[in-house]
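Structure record follows, encoded as structure tokens.
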Amino acid sequence: MESFALAESGRQLLTVRELTRYVKDLLDEDPLLRSVWVQGEISNFKWHHSGHIYFTLKDEVAQVKVVMFRSYANRLRFRPENGMQVIVQGNVTVFERDGVYQLYAAAMEPYGLGALHLEFEQLKRRLAAEGLFDEALKRPLPRLPRAVGLVTAPTGAAIRDMITVARRRFPGMRLVLAPALVQGPDAPESLIRALGLVARVPEVDVVIIGRGGGSLEDLWAFNDERLARAIRACPVPVVSAVGHETDYTIADFAADLRAPTPSAAAELVVPSRSELLGVVDGLRIRLSTAARRLVERRRIRLRALTERPVLQRPQGRVLQDRQRLDGLVRRLEYLGGSLLAARRRELGGLAGRLEALSPLAVLARGYAIARTEEGRVVKDAAQLQVGDRLDVLLHRGSVRCQVEEIRGDAGEGTR
């Protein structure tokens, strides 16, 4: 009934889908909204695992939802962040499910700051936080390298300047060139490959990597993260020499030393032969002077030793030592004789005591020892019987006896 009433009144009835589709068609057909540039601040930023980007673009009074699909997001030369002012290019249409209009972004760049510069700053901060630029990782340059590796374009002012400076400072210094692209999309891979090749040459003790001046875009190959990590992983020290003195790249921060120009890098790496010869001459003079002084000190010392009495009159020293030795011998003989006499007296006393306790001494006083035929010592007459044979030991000699009578204790009768 309600629909009939609306139709009778001349009103047009639309469903939500029809209304949304109508608005969407209006927006899609508007030439301005097909490719529009919008400035605003990023908020609610989300980089989905699918690779798509979702965020809100806002200003002081309004906001619009923005979607950037993965194929476009992969082309970004910086990483968007919340609070960042950007300019977004895309088309405006309606997301029918939610009934809201959205900006489908195809491109985005920082507002007020170039995308390349922002990408440089973001990469620099990230690698610095990782510790890739720590000063503790920087290696000193060799004082006198056997060979110097050069990673640069085989033609151009940079290679000519480095060769000229190296030949001037140290004629005959070996230079090993690893040619590489220094500009363009293929340059980072080319530089990494050349760095790896030259670092494997056994005599190369240091590497210079760089090129001449140019715009930020021209030098962009030296801002590659992979190149920065390759420089840090290089087994020998690396000097970065990219552009002019005011130019800074990620390679400069990753290298062991930054040179403002390729010519300055050659000045830092290749020693001056004339200066080294001057140092050698100075060391030779110092060594000769030190040797003369040492010989003179030893000569004075030797003269002082030869003037000592012991060397002037060695016989006197020998006589003194001989007299001292004779005195020691006499003292030793005296002490030895005294000790020997004391030990003899002590031994005589012990022998006397032993003699007093000896059974032989008892026999010498007229006593005898009687033993049975079995060798038992007879201590009691009760051990014997008449007719037993005994061996009687005297002070001198022994006798063989036979028992004819047995008596008890002294004074008792016979048995």
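The values are calculated or read from the model by the stated rules, or taken from the named source; none is laboratory data. Here the structure is a predicted model, which is why all the values come from computation and not from measurement. Methodologically, a virtual Cβ is constructed for each residue, glycine included, from the backbone with ideal geometry; neighbour enumeration extends over all protein chains shown. Surface areas here come from the heavy atoms of the whole protein model, side chains and all, with no ligands, DNA or RNA. Shrake-Rupley method; radii C 1.70, N 1.55, O 1.52, S 1.80 Å.
Summary of computed values
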{"quantity": "Pick from segment 166-191, criterion of a type in the set (A, V, I, L, M, F, W, C) and surrounded by fewer than 20 Cβ atoms within 10 Å (Cβ to Cβ), ranking: nearest to SER215 (Cα to Cα)", "calculated": "LEU181"}
{"quantity": "Selected residue (only one of SER50, SER43 is out of contact with any helix residue (DSSP H, G or I) (no Cβ under 6 Å at 6 or more places or on another chain), surrounded by fewer than 11 Cβ atoms within 10 Å (Cβ to Cβ) and more than 14 Å from GLY90 (Cα to Cα))", "calculated": "SER50"}
{"quantity": "Residue in segment 166-206 that is farthest from GLU267 (Cα to Cα), counting only those that are acidic (Asp, Glu) and in contact with a strand residue (DSSP E or B) (Cβ under 8 Å, 6 or more places away or on another chain)", "calculated": "GLU203"}
{"quantity": "Candidates LEU175, LEU103 - the one that is in contact with a Gly (Cβ under 9 Å, 6 or more places away or on another chain), at pLDDT below 95 and either under 30 Å from ASP30 (Cα atoms) or part of a strand (DSSP E or B) (or both)", "calculated": "LEU103"}
{"quantity": "Listing of helices (runs of 4 or more DSSP H) fully contained in segment 193-284 that carry 2 or more residues being in contact (Cβ under 8 Å) with a residue 40 or more places away in the chain and among the small types (Gly, Ala, Ser)", "calculated": "250-254, 262-269"}
{"quantity": "Selected residue (criterion: modelled with the highest pLDDT) from residues of segment 321-373 that are closer than 30 Å to LEU394 by Cβ and of a type in the set (D, E, K, R)", "calculated": "ARG371"}
{"quantity": "Residues of segment 20-38 satisfying the condition of being closer than 28 Å to MET84 by Cβ and open to solvent by 70 Å² or more (accessible area, probe 1.4 Å)", "calculated": "LEU32, ARG34, TRP37"}
{"quantity": "Filter result (open to solvent by 10 Å² or more (accessible area, probe 1.4 Å) and of a type in the set (Ser, Thr, Tyr)) within segment 231-260", "calculated": "THR246, TYR248"}
